[in-house]
Each structure stands twice: as structure tokens, then as C-alpha cells.
Amino acid sequence: MISTIALLLCGPAAFLATAILAGTVGRRASATRLVYGAALAISIALLVIVAGHLAGSPGAVSTITLPLGLPWTGARFRLDSLSAFFLVVVNLGGTVTSLYALGYGRHELQPHRVLPFYPAFLAGMNLVVLADDAFSFLLSWEFMSLASWALVMAHHRDEANRRAGYIYLVMASFGTLALLLAFGLLAGPAGNYAFDAMRAAEPGPLAAGAVLALMLLGAGSKAGLVPLHAWLPLAHPAAPSHVSALMSGIMTKVAIYGFIRVVFDLLGAPAWWSGVVVLLIGGLTAVLGILHALMEKDLKRLLAYSTIENIGVVFVSLGLALAFKANAMPSAAALAFTAALFHVLNHSFFKSLLFFGAGAVLTATGERDMERLGGLIHRMPLTSFVFLVGCVSISALPPFNGFASEWLAFQAILQSPDLPQWGLKVIVPAVGGMLALAAALAAACFVKAFGITFLGRARSTVVEEAHEVDRWSLAAMAVLAVLCLLAGILPGFVIDSLSPVTLTLIGDRMPVQTADPWLSIVPIAESRSSYNGLLVFVFITISASLAAFVIHRFASHALRRGPAWGCGFADAAPAAQYTAVSFAQPIRRVFGSFAFRARETVEMPAPGALEPARLKLDMHDVAWETFYQPISGAIDYATERLNHLQFLTIRRYLTLVFLYLVILLLVLALWP
Amino acid sequence: MNGLTFDIAHLLAGSLVLVSFMMLYQDRLFALINVFALHAVVLALSVAWQAYIQDAHHLYITAAIALVFKAIVIPVGLHRIIQRLGIHRDIETAVGIGPTMLAGIGLVTLSMVLMLRVTPEADPLAREDLAFALSIILLGLLVMVTRRNAVSQVVGFMSLENGLVLAATGAKGMPLVVEISVAFSILIAFIVIGVFLFRIRERFDSVDVGALDDYRGERR
């Protein structure tokens, strides 16, 4: 009997074989269909295997050691409840993305730049989730990063894409360096890089703190935590849209997996302050991410920034779980942890859906700039409907899935008065406030994204020629929209299927939800709070249908177009509509001065001059200017200084080596 | 180990350091090569003595290799090279003799302090040998650094290798094959460097490595 893990490893192997195949036949016309079809089949097969595993024995652990990698460790792989959950996330994403790409990929002008790396990217993400020693983990992680980098660079003729690729590469190597150091600390002086050994070892408080900080740097830079997020809104939109969906929807989740695997699993019992750090960074990330998203008028960049916000939400929940776990409150910790994992799943659904929608808009119009879109609902009714579902879900409106997971996160926050430390008692509600702010801003942001793109009148001629996208893309988006709705109205099933993970990592689980009457979810006790997505859905459907019926039955049927009051302007051109920037202006006025150092100045023409007055908006990316520019400036300065070392005489090189040796010996001699 | 054998081993290794100092002092190429030959002879004696007191017969072969190659073949070869290049009158130290000697004394002190500190529980003879060997290596490097002529840099490199051999023989149980392969690699390095010397000379009419830098358009 072949073990589950061996079966699962056939998946990445098949992906890699597809990648090699794509490398050889990538220029043929049929290659697109072949590669995405194969990726679809492999993803579905992996999903079936994991589903079979979860249905049979969800808590079971399956390991394998291959004679590769480090000679004394081997390449170890392991399937446990956590990796099974993330395998579901990755391969569900892989399935719908491949389905979408069967249609979307046909519009790719240079398919041979995308096709070989797409399956390789999927293979890398699957391997990261399965790895069970530091060497395999880092190798898979780097493989994933490099494959996604190649995909970001697919359209490398564009200067902006090259810059995005460069920044991504630098940040990815920085992140891997941090991970490498973290694993070095975990392995300890014995240098045992298998995860089993790390799990058994108990690092001291200093080492544990350092590992947490390094994981926040390493996994956080990949996931997009502020202030390490700068590469994300550049790189994610630069890739083709289905890859953007994978990077934003799935790869950030793999980064979260890395964080959970190390901090919750390998690191042992957490200290209470580790929760504070993660909470604060998560809250900051959520608010700043969504504020940036609100200011954005490029649809794909807006979605990328919104990913940062959702990562912040997940990290807030993870921080809560750490705080509760450190204070031996396992049921509250299980609640927070479940909220985090649930949100991971939900975000992978609706962010993929939204990127698919943005890709559909891009295919139909060739535009990413919202200021040149508008009125697409008439041209692309189906796309706009599923995009609306995505917007409603990500805005955390019931009855969709975003609400369910964020509601759970808030339920966990409401447990904070039971925490013993005053620091946590104060900080958790404050972070809860930030989370609420982020949720409200997210709703505003997606009102903007949907309203400016799909409603109103066309702002450019490209929209007039737009037409609905192909069936494959629509099918993929429809699948995701249905998943969003299902996870929203039946959250109990998701929560119950997450219980093996919380049992392994937290030691407790949320109460069984599916047994509750009417499929409500009750996180702690009926007397405190409960939510029933199904009833909300039924109520909304019935009341909306009734309202529509009443309006259409008792009001006039005729569609009337009347003259709108044009504020005194005779001809209201489409340019006079609300724009993305004007929609965001009130929020920019409130938050802009500290978050972006935004300044608005009015340039009035001189009296009698004929040019118009101009409103000039000056915005800064504070994280970029405070963190990145000084570092890159210092590096530039140092390389400039050290440059002449390249042109020394042979004797001087010898002298340098000699002096270095003497200094090392001196240090050794003077060492106490 | 009785006192006399130890003293003789100590004397030979110490003389090797002394000869290294003599090498630092030379500013003519022929003299430098003669001192290098003396260096190799002392090394051969020292290795042979080690072979005798350790009762390790393969070390005699090492001593013979040192004597034949380093005391005879390489110096004779270098003499010929210098004569053919016609550079036997060159004075070619880049740093003055006085500072070089002072630096050498500092390096010997450093290696003594270091080696005696980090090997407290080792065999006393091995400790001394290691300390002397490190001094010889550092002095060899110093010769390479303070000379301008490629030939004398080769000599510095060879004397550095003598230090390695001394360290290897001081530590008991070094396999013969390692020493033979080291000796051969040195010989091959000598041949390669010799060929290069002539190539450099053909191109620049000089074996002063400064000519290479001039060619690259760099200041010295």
C-alpha cells in the first residue's frame, strides 16, 4: 500500500514534468491548452487525494524520507493536518486558476514565457507545504520564489515590470536569508535540520524571540507585512492575471503556512509578548494596506494592496492565537486560530476571483486604469456579477464568506478581557478597532473598485468595444463565486473541518458547529453570540425578491431615461462622473496626512491668464521612503566606496588577504 | 621523550624561522634564492629528525623530496631564469628592510602567543612545531607582500609551503601521500609560474609585476 504522502509527491513531480514539457513545446499553438489542462488535472488529482485523506483520517500523519538533499537528513516530507489544509488551499487555487487560464492563456502573446514556469510554480508551492526539514523547505521556497519571479518577468519588455522583478528578487532573497537564519537558530548547535528534531528541542527565550523576529521578516516579507510589503503591489500586478491570482491568493498563504509551521509548531510554547508583536504588525498592515488600496486607481494594484490588508487580518488572528495560547486559554486560542485559517481559505477564494475579474476586464479592454473604464456592466454582465460577489465577500458583508471569518476574528478579540496581562488587555481592543476600521475601509475600497469599473458610463472608447470573456474564465469565476457563497452560508462545515489543525497546534478545538440547530455557528456559547449565514441568506433572498416583486408589480414597468441635473453644466460628459481619485478624496483628507504625507495644493492662474486652475496632489509612500530608500542609499554609497577595490595591484590584493589573516589571528589571540 | 631529541628538533625548527628572517633581509635575487635553498636544507634536516624521533620512515622520503626539489632543483631553476632574464642586479623590495623586520618580529610573536594559547594540552614538541610553522607561513606571506618582483614572490610562496610541511611533519600520522601530492603541486606551481614569468617578460620586457599594473592603466 503506497502511503498518502508518496502519492502526493507524485503531484509536484507531475507538475515539474509538465514544466519541462512546456519548455520544449511552449511555442506551439496547442501548448497553452495542453499545459493548463495538465495542471488542472494534476491539481484536481491532488485535491482528491487530500480530500480522501481528510475524509478517512484527518488527524493522521504520513511521512516519507527521500535519499536526496542533506546526506544526514535526507529530503523529508510530511503530511499532517496543517499541511493538508494548506494543500487544499493551494490545489483549489491551482484548479480554478488552471481552469481560468485555459481561456485567459489564449490571449497571452508570448506563451512560452509563461507556460514552463506556471506548473513549476504550482510544484514549488505544493512542496513547501509538504517539506519536513529545513533544507527541503528552503529549497522549495526558493524554487517557488524563482518560478514566480520568472512569471513576473514574463512581460519583461516593460520597464516597470523589470523594476518590479528586480525589487521582488531582492526582497525574496532577503526573506530567504531571514528564514535560513531562523532555521539555523532552530537547529541549534547540533545542526539537526529535520523538523522532528526542531519540534523536540526547546529554544531559550532569546533564541525564540529571534526566531519569531526572523520569521516575521522572512515569511512576512513574502506575505506582505508592512513595512516589507513594498514589492507586493509592484510584482503581483506585473504578472499575467491568472498568475497574479495565484501569487496574491495562494503564494501569500504559503508564506502564512511557513509562519504557522515555525511559530506554532516548531518553536514550542510562545511568550505572551510575541502575541503583542504579531498583533500590532498585523493591525498596522491591515489599516495601511487598505488605505493604499483606496488611493489606487490601477485595478490590479488595488487588489494587490487589498491582499496586504487581508494578510494583516490573518496575522491579527494569529497574534491573538499566540496570546491566548501563551496564557493557557486553549478554547479562545482555537477560536482565533480557526478565524485565521478560515480567513486564509476565504481570501484565497475571493482574491483569486477578483484577480480573475480584473484579468477579464484587462482582456476585454486592455485597460487596468479604472479612470478609463466604467459602464462595463452593460458589456460584461456575467463578469460584473461574479466580480460583485467577490467585492461583497471581501468587504465582509453577510451572507458571504468574508463576513464569517472576520466575525470569528472579532469574537476572538472580544475574549481579550479574560487575558491576565494589562498590555494585552489594552492592545487587543485597540487592534480590534484597527481591524474594524480596515473592514470599513475595505468596503469603501470595493465600492470604489466595482462602482468605478463596472457602473456609470464608459470613460473611454475601449469600453464601448468590450465584450464578455470566454466560457473557461467565466466558469472559473463562477466556481469561486459559488465557493464564496457556500463558505459564507455554511461556515460550520469549514470550521469543523479545521478542528484537526487546531487540535494539533493549539491543543483544543472550537465546539462542534454542524450539530447546532439550523446550521448556526456558535463560537463560545449560545448566550454570547451566534451567527447563521444560511438564515441571513434566506432572509436577504426572500426580502429582496419580495421588494423586487412589489416594485415591478405595483410600479411602472417602463424604463425611463430622464435628464439628470448637470450642476449647471449643459453637457455632462463621462469625464464629469465620479472618478476613483475623487471617490477616495474624503478618506485621503482624513488619513492621508499621516499615512501618505499627502498634500493638496491649488495652483491658481494669474488674474487674466487663460489656463485652468489645477488641483495638485502630492503623495508619498512612507514605508518606501523611511525604510527602503535609506537602505538602498547606504548600499549605493558603500558600493561606490568599495568599487576601487576591483582595480588593485596583485601585491595589494595579497596584502589585503595577509592583513585580514593577521587581524583574524590577532582576534583569536586576544579573545578572552 | 628525552631532553636532547626535543632540543635538537626545537633547534632545527627555530633555525627555520631564523632563515625565514634572513630571507626577509635579502634585497638581491641571487642571495634570496641561496637563502631559500638553505631554508629547504634546514627543512629537510628538521623533517629527517622528526622521522628519526617519531620512527616514521616515510618522513625520510618527505625529507628527500624537500632536499632534492626545494634545495636543488627549484633554486637552480630560478637561478637560470634570473640569468636568462638578466635581472640579477635588481634591487626590489617594496617596503624598507627595517619595517619589514619589525613586522616579522611582530608576526612571530603573534603566532607564538596564539599557538601556545590554543594548544595547551598538545604534545610540547608539536606545540612548538606548530608555532614555528605558523611563523614561517606568516613570514613567507610577508615576503610575498613586500616584494615587487615576481621571482621573489615565488620564493616567498615556496617558503610558505615549507612552513606547511613543517606543521605537517610535527603532527604525527600525516599520510605520506598527502605530502607527496603537496610536493608535486608545488613543483607544478613552480613550472606554471616559470612559464608565466617568461610570458610576462616577453610581453613587458620586465618581471616587475608593476608592469602589469601599468599595462592595465592603473596607478601604483
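The values are calculated or read from the model by the stated rules, or taken from the named source; none is laboratory data. All figures in this text were calculated on a predicted structure; none of them were measured in a lab. Backbone-built Cβ (ideal geometry, glycine too); neighbour counts: all protein chains shown.
Assorted remarks:
- Every residue from the range A:352-401 that is of a type in the set (Gly, Ala, Ser) and in a helix (DSSP H, G or I): A:SER352, A:GLY357, A:ALA358, A:GLY359, A:ALA360, A:ALA364, A:SER384, A:GLY390, A:SER393
- Test: residue in the range A:327-334 that is in contact with a Cys (Cβ under 9 Å, 6 or more places away or on another chain) and surrounded by 24 or more Cβ atoms within 10 Å (Cβ to Cβ): no
- Qualifying residue in the range A:136-150 (condition: of a type in the set (Phe, Trp, Tyr), crowded, with 19+ Cβ neighbours inside 10 Å and not in a helix (DSSP H, G or I)): no
- Within the range B:116-129, the set of residues being surrounded by fewer than 20 Cβ atoms within 10 Å (Cβ to Cβ), away from chain A (no Cβ under 14 Å) and part of a helix (DSSP H, G or I) comprises B:PRO124, B:LEU125, B:ALA126, B:ARG127.
- Flag if B:THR62 is more than 14 Å from chain A (Cβ to nearest Cβ), of a type in the set (Ser, Thr, Tyr), over 15 Å from B:ASN34 (Cα atoms) and assigned to a helix (DSSP H, G or I): yes
- Condition check for A:LEU169: crowded, with 16+ Cβ neighbours inside 10 Å, under 27 Å from A:TRP72 (Cα atoms) and not small (Gly, Ala, Ser): no
- Note on the range A:660-671: residues that are more than 8 Å from chain B (Cβ to nearest Cβ) and either hydroxyl-bearing (Ser, Thr, Tyr) or under 49 Å from the mean Cα position of the chain (by Cα) (or both) total 5.
- Test for A:THR601: is it β-branched (Val, Ile, Thr) and modelled with pLDDT of 85 or more: yes
- The one condition from (1) over 19 Å from A:GLU371 (Cβ atoms); (2) free of Cβ contacts under 8 Å to residues at least 60 places away in the same chain; (3) loosely packed, with under 13 Cβ neighbours inside 10 Å that A:ARG651 does not meet is (3).
- Applying the condition of being part of a loop (DSSP other than H, G, I, E, B) and within 12 Å of chain A (Cβ to nearest Cβ) to the range B:92-106 and asking which residue is surrounded by the most Cβ atoms within 10 Å (Cβ to Cβ) yields B:GLU92.
- Condition met for A:SER393 (buried (at least 24 other Cβ atoms within 10 Å of the Cβ), closer than 30 Å to A:GLY592 by Cβ and assigned by TED's automatic domain parsing to the domain that holds A:GLY282): yes
- Scan of the range A:259-279 for residues that are surrounded by fewer than 17 Cβ atoms within 10 Å (Cβ to Cβ) and assigned to a loop (DSSP other than H, G, I, E, B), ordered by number: A:GLY268, A:ALA269, A:ALA271
- Of the numbered criteria (1) surrounded by 23 or more Cβ atoms within 10 Å (Cβ to Cβ); (2) not in a helix (DSSP H, G or I), the one A:PRO189 fails is (1).
- Residues that are touching a residue at least 60 places away in the same chain (Cβ under 8 Å) and among the hydroxyl-bearing types (Ser, Thr, Tyr), drawn from the range B:92-130: B:THR93, B:THR100
- Against the conditions (1) crowded, with 18+ Cβ neighbours inside 10 Å; (2) under 23 Å from A:SER348 (Cβ atoms), A:VAL48 satisfies every one except (1).
- Residue that is surrounded by the fewest Cβ atoms within 10 Å (Cβ to Cβ), among those in the range A:462-491 that are of a type outside the set (A, V, I, L, M, F, W, C) and not in a helix (DSSP H, G or I): A:HIS467
- Test: residue in the range A:62-78 that is surrounded by fewer than 17 Cβ atoms within 10 Å (Cβ to Cβ) and part of a helix (DSSP H, G or I): no
- Condition met for B:LEU197 (out of contact with any strand residue (DSSP E or B) (no Cβ under 8 Å at 6 or more places or on another chain), modelled with pLDDT of 85 or more, buried (at least 20 other Cβ atoms within 10 Å of the Cβ) and part of a helix (DSSP H, G or I)): no
- Tally of residues being at the interface with chain A (Cβ under 9 Å from one of its Cβ atoms) and not in a helix (DSSP H, G or I) across the range B:136-153: 2
- Some residue of the range B:77-86 being part of a helix (DSSP H, G or I) and of a type in the set (D, E, K, R): yes
- Residue within the range B:107-115 that is among the aliphatic types (A, V, I, L, M) and outside any helix (DSSP H, G or I) present: no
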